[in-house]
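The values are calculated or read from the model by the stated rules, or taken from the named source; none is laboratory data. From a predicted model like this one, the values you see are computed outputs, not experimental measurements. Neighbour counts run over all protein chains shown; Cβ positions are idealised from the backbone, glycine included.
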């Protein structure tokens, strides 16, 4: 029997942020600290020995408290940060929507930003030409599309970002805190689009703090705590354990 | 070292970055891109007054000699300075999107070349004004510009990650550039150099690049093979050293910008 390669394979991934205790960000300071022997680093392990595999077509939510390493994990998966240790293997194309308004120029119009953003995601100008109308349609921002993005509300920016990143069928879609900002009707559209992408074979990995969204859109849940993967399993099971522990912490405060 | 990221899918992004760079530069001043042409002319004028009227060295058609040097130097120093700022200036993108980082210094050097092409216009006007007939050798100029661009890109790739790790790189390089400017025969001829300084200028790598740039403009000749091979060698070494350094540093850049 032929086994299919997983969409995502993460093996023993650790990531260290090295923070200098004395800020030595210039040659001068560096030289002074080097002479005095006082170059001390503080190592912050944002991820420690994280391993998991995700099969093609899965919808996985990553949960955890602030600073648990969720965004760092996404940066590693989108190949922005190289892990200090371990290995990440991803088959196919990745479309990251990492943060609200990333890669948008507030002075440019929505239309111009569609081009800029899609180019940043590695698409060609011709590919954008083909999709730009459907992107505007999906975002529902027809009235504002030719005015600068600084006039948009944060929800509108998120809508545009989501519309651009999902205009192409990626093999892996990474959504970091994007679903929480749109209004209810747009959220419904997002869910429909995610469903379409999944039917088309896309794997979706997302971070959100909204338990309802986790419940509704994922089959499997990864729980990160202090950079470690503490639970990995069916959404209902992991989510209830996570909520329980959060409640417990809140009560003991 | 990681394998090189495929740049081909990002070619339209590269063009867009170049366009933005040019737009920013020309929006900043009211005279716009006229300034690109005027600035070297004015500098040439000042140098002409200072050096041919006061110091009086004997260079035939000094205006063309000086202007060709200034154009090269402006391209080189401005491109290096903006490459050093290119990574830091794009920090929000570098830390969030998997864009190949090499695009940013590359875009600044390409837009530098475009500026240089605009700045050539007054040079041709100067040819007409001084009765210096344009020669066929000018057709060789694109090759000289490519060599200069390769050299500059190498320096930019070497320095831009350094500017991320150490914030005072820009100031330090500014001083080095100033020193290098005086060690390059931009506004003086090699012949005025005293014996004991001659070798320093002779072995300045920027001099060999300038030579190949100036040969077709001022001397009206295609650079001889000796000049050409040295310049090409210098440019290739600079490029390879720059690229190697950059690729070694590339993974650390998002942690420091």
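Worth a mention:
- Selection status of residue A:71, within 14 Å of another protein chain (Cβ to nearest Cβ), under 20 Å from residue B:9 (Cβ atoms) and touching a strand residue (DSSP E or B) at 6+ places or on another chain (Cβ under 8 Å): no
- Verdict on residue B:37 being assigned to a helix (DSSP H, G or I), buried (at least 23 other Cβ atoms within 10 Å of the Cβ) and out of contact with any strand residue (DSSP E or B) (no Cβ under 6 Å at 6 or more places or on another chain): no
- Any hit, the range B:176-183, residues being within 14 Å of another protein chain (Cβ to nearest Cβ), in a helix (DSSP H, G or I) and within 30 Å of residue B:52 (Cα to Cα): yes
- Flag if residue B:158 is more than 14 Å from chain A (Cβ to nearest Cβ), assigned to a helix (DSSP H, G or I) and either in contact (Cβ under 8 Å) with a residue 40 or more places away in the chain or touching a strand residue (DSSP E or B) at 6+ places or on another chain (Cβ under 7 Å) (or both): yes
- Tallying residues that are assigned to a helix (DSSP H, G or I) and over 24 Å from residue A:196 (Cβ atoms) within the range A:38-75 yields 5.
- Among the residues making up the range A:78-111, those that are within 16 Å of residue A:147 (Cα to Cα) and either under 20 Å from the mean Cα position of the chain (by Cα) or facing chain B (nearest Cβ under 10 Å) (or both) are A:101, A:104, A:105, A:108.
- Matching residues, the range A:76-102, being touching a helix residue (DSSP H, G or I) at 6+ places or on another chain (Cβ under 9 Å), assigned to a loop (DSSP other than H, G, I, E, B) and at pLDDT 90 or above: A:80, A:81, A:82, A:83
- For residue A:35, the conditions (1) modelled with pLDDT of 75 or more; (2) away from chain B (no Cβ under 14 Å) all hold with the exception of (1).
- Which listed residue, of B:241, B:230, B:173, is touching a helix residue (DSSP H, G or I) at 6+ places or on another chain (Cβ under 8 Å), surrounded by fewer than 16 Cβ atoms within 10 Å (Cβ to Cβ) and either free of Cβ contacts under 8 Å to residues at least 60 places away in the same chain or part of a helix (DSSP H, G or I) (or both): B:241
- Filter result for the condition that a residue is closer than 28 Å to residue A:165 by Cα, part of a helix (DSSP H, G or I) and in contact with a helix residue (DSSP H, G or I) (Cβ under 6 Å, 6 or more places away or on another chain), over B:68, B:86, B:79, B:111: B:86
- Exclusive hit being surrounded by fewer than 19 Cβ atoms within 10 Å (Cβ to Cβ) and under 25 Å from residue B:181 (Cβ atoms), set B:14, B:71, B:45: B:45
- Top-ranked residue of the range B:89-104 - restricted to ones that are assigned to a helix (DSSP H, G or I) and within 11 Å of chain A (Cβ to nearest Cβ), ranked as surrounded by the fewest Cβ atoms within 10 Å (Cβ to Cβ): B:92
Every residue, every condition in (1) modelled with pLDDT of 90 or more; (2) under 21 Å from the mean Cα position of the chain (by Cα), yes or no:
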site	(1), (2)
B:12	yes, no
B:18	yes, yes
B:26	no, yes
B:33	no, yes
B:36	no, yes
B:47	no, yes
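- Only residues that are under 22 Å from residue B:97 (Cα atoms) and out of contact with any strand residue (DSSP E or B) (no Cβ under 8 Å at 6 or more places or on another chain) were counted across the range A:130-151, and they come to 5.
- Any hit, the range B:187-200, residues being closer than 25 Å to residue B:52 by Cβ, within 18 Å of the chain's Cα centre (by Cα) and buried (at least 16 other Cβ atoms within 10 Å of the Cβ): yes
- So residue A:119, is it farther than 23 Å from residue B:98 by Cβ and either more than 10 Å from every other protein chain (Cβ to nearest Cβ) or at pLDDT 90 or above (or both): no
- Filter result for residue B:172 (within 14 Å of another protein chain (Cβ to nearest Cβ), over 25 Å from residue A:18 (Cα atoms) and more than 16 Å from the chain's Cα centre (by Cα)): yes
- Every condition in (1) within 23 Å of the chain's Cα centre (by Cα); (2) away from every other protein chain (no Cβ under 13 Å); (3) in a loop (DSSP other than H, G, I, E, B) holds for residue A:160 except the one numbered (3).
- Each residue in the range A:43-57 was checked for being surrounded by 18 or more Cβ atoms within 10 Å (Cβ to Cβ) and within 17 Å of residue A:5 (Cβ to Cβ), and 1 pass.
- Subset of the range A:38-60 (residues that are within 14 Å of chain B (Cβ to nearest Cβ) and modelled with pLDDT of 75 or more): A:42, A:43, A:44, A:45, A:46, A:47
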